[in-house]
Structures are given as C-alpha cells and as structure tokens.
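S.K.: Here it is: the structure, laid out below.
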Amino acid sequence: MLSFRPPESKPKTALDNLTPYTETLPGSVVKIQMVPISGGTVRIGDKSVTVKPFWMASTETPWEAFDLFVKSGPPSPPYDQTKFAADAIARPSKSYILPDLGWGHHGYPAINISFDSATMFCRWLASTTGKKYRLPTEAEWEFACQAGLQGVGKIDKALLEDTAWYAGNSEQVTHPVGTKKADKIGLFDMLGNVGEWSIDVDGKPVLCGGTFQDAPAAISPSTRKRWAPVWQQTDPQMPKSRWWLSDAPFAGFRFVCEP
C-alpha cells in the first residue's frame, strides 16, 4: 500500500525555497525547464522514504538533448560490458536500428534507451554544467508524481485524456513531450508517453510510470517495469547491446538535479 505525505508538516528550510530555472544544454540552443520539488516522505512498499528537495526536468528527455550527448565524443564499443568507474563517461555505440523508429525525432522523447545510456547522459550533463544532474531515485520519482496529483482523486479516463498519452489515445506510438497538460506542479507526461528510468530503494534500475502502451488500469504513480530479455529480443548482437533496447520503445528517462 502506497501513501504520500506532503511537505507542509515540515519546518521550512533554505532548500525548500528552490525556484524554477532553465538549463541550456552545452553548445546548443536546447533548453530544459527544471521544476522545484519540495521535500517530504513517500512510502515505497513497506519502507517510508524521506525525499529531500530537488529539481526535476519538466519533460522526458527529448531526442535533441540526447543527440548532443551522443555527438559529444567518440562512441563506446557496442557490447563493452566492463564496469565503469563512478565518474566515467561513455557514449552509446551506433544503434543497428533507427532509434526513433521513424515515429518522430525533434521534440519527441528519446526511446529504446538503456539504463546505462541514461546514466551516462546524466554524467555528461553534470560534468559539462557543474551541476549535480542524475537519474531520480524511485522515491523521488513517485513523490513528484504524487505531488502533481494532489487533489485530483482517482486516475480516470478523463484525467488521462488531459495529461497522458496512453493506450486509449496514443495510436501505439510516442508523442512530442509537453503536448498534454502539465500536472499540478508543472511536470508533463508523468503518467504516460514513455516510462522513465530511476533507481529503486535497493539501488537497482527500474522504469517508473505508465507508457503509451498501457491501459488506464495499469497507470499510477506506483507503476513499475523491470528489464527483461524480451526488451532486446530482436537484437541480433551477441552479447546484446548495453546501450540500446531494440524492443523497448516505451523506455525513456528524465533527469533531476540536487541543490
């Protein structure tokens, strides 16, 4: 059972005074809006997890942002399975398929993205901006999603039509980020479009949120997916690519920033 406690019961601190800002990605005109999220607690399974204040990207990471990272240096070997040092930055090898599947590129969420690729994007962005960018924890992601739903009540078809691309309206493809209504705190596409890589309470990768393939009953702040071999079933490479998921067009990400 999941529960959410908003931050009003906490004494205010300096970190609760975060303000929105715009990050212009290095060497480009690509801009990402960063939304402040106040701290609080959220229950994940049987654990009550404290969430400190942070910023979250208002949208899923679009291709034009991910492309900058890919082009920022030489690609890595396609199946290099070595364990990277915590501060290492490696870049995806070339995908053997068209990564966007021809669905759309500029303004569309990056898809078929592995956890390693998303992690390396965040390391690159942190290293080039000097800010503490990274993937969200599962608790941060769920806290932000629930905060955006405050006062909404149940997630029904009407809410999904307004705020999410899901099985009922997506036509089984992704759509440009930020084209549905934002939630109560200014985040877009938290309930649908693509799932978003996060780090669970045990430090393992988990994809949070519903996707464009999901029916309403499968969409909630607690919706989770974990990598399975079927996500790379048609990848002919042996071993399979660590950078691209040939059969996971629902896998994308958004990033957060620590104060």
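The values are calculated or read from the model by the stated rules, or taken from the named source; none is laboratory data. All figures in this text were calculated on a predicted structure; none of them were measured in a lab. Quick reminder, even Gly has a Cβ in these numbers, built from the backbone with ideal geometry, and neighbours come from all protein chains shown. The accessibility values were calculated without ligands, DNA or RNA, using every heavy atom of the protein model including side chains. Shrake-Rupley method; radii C 1.70, N 1.55, O 1.52, S 1.80 Å.
S.K.: How about segment 96-130: which of its residues are over 16 Å from residue 64 (Cα atoms) and modelled with pLDDT under 95?
M.R.: 96, 97
S.K.: Does segment 44-54 include one or more residues that are in contact with a Cys (Cβ under 8 Å, 6 or more places away or on another chain) and modelled with pLDDT of 95 or more? Don't jump to the end; show me each part of the working.
M.R.: Narrowing segment 44-54 to residues in contact with a Cys (Cβ under 8 Å, 6 or more places away or on another chain): 54.
Checking the rest, the ones that are also modelled with pLDDT of 95 or more come to 54.
Yes, segment 44-54 contains at least one residue that is in contact with a Cys (Cβ under 8 Å, 6 or more places away or on another chain) and modelled with pLDDT of 95 or more.
S.K.: Here is a follow-up. Where in segment 118-224 are the strands (runs of 3 or more DSSP E), entirely inside, with at least 1 residues that are without any contact (Cβ under 8 Å) to a residue 60 or more places away in the chain and either open to solvent by 20 Å² or more (accessible area, probe 1.4 Å) or of a type in the set (A, V, I, L, M, F, W, C) (or both)?
M.R.: Values: elements: 132-134, 195-199, 205-208.
Where strands (runs of 3 or more DSSP E) fall fully within segment 118-224 and carry at least 1 residues being without any contact (Cβ under 8 Å) to a residue 60 or more places away in the chain and either open to solvent by 20 Å² or more (accessible area, probe 1.4 Å) or of a type in the set (A, V, I, L, M, F, W, C) (or both), they are 205-208.
S.K.: Hey, any hits in segment 92-100 for a residue that's in contact with a Gly (Cβ under 8 Å, 6 or more places away or on another chain), among the hydroxyl-bearing types (Ser, Thr, Tyr), open to solvent by less than 20 Å² (accessible area, probe 1.4 Å) and part of a loop (DSSP other than H, G, I, E, B)?
M.R.: From segment 92-100, those in contact with a Gly (Cβ under 8 Å, 6 or more places away or on another chain) are none; that's our starting set.
No, every residue in segment 92-100 fails to be in contact with a Gly (Cβ under 8 Å, 6 or more places away or on another chain), among the hydroxyl-bearing types (Ser, Thr, Tyr), open to solvent by less than 20 Å² (accessible area, probe 1.4 Å) and part of a loop (DSSP other than H, G, I, E, B).
S.K.: Step by step: first the residues of segment 226-242, then only those that are touching a helix residue (DSSP H, G or I) at 6+ places or on another chain (Cβ under 9 Å) and either modelled with pLDDT of 95 or more or open to solvent by 50 Å² or more (accessible area, probe 1.4 Å) (or both), then the one that is farthest from residue 139 (Cα to Cα). Which residue is that?
M.R.: Initial filter on segment 226-242 (touching a helix residue (DSSP H, G or I) at 6+ places or on another chain (Cβ under 9 Å)): 227, 240-242.
From the residues that got through so far, the ones that are either modelled with pLDDT of 95 or more or open to solvent by 50 Å² or more (accessible area, probe 1.4 Å) (or both) too are 227, 240.
On the way: 227: 19, 240: 30 Å.
Checking each candidate, the answer is 240.
S.K.: Report, by residue number, each residue of segment 103-117 that is under 12 Å from the mean Cα position of the chain (by Cα) and in a loop (DSSP other than H, G, I, E, B).
M.R.: If the condition is that a residue be under 12 Å from the mean Cα position of the chain (by Cα) and in a loop (DSSP other than H, G, I, E, B), then 110, 111, 114 are the ones that fit.
S.K.: Restricting to segment 76-93, give me the number of residues that are modelled with pLDDT of 90 or more and not polar (S, T, N, Q).
M.R.: So the first thing to find is which residues in segment 76-93 are modelled with pLDDT of 90 or more, and the list is 89-93.
When the remaining residues are screened for being not polar (S, T, N, Q), the result is 89-92.
The number of residues fulfilling the criteria is 4.
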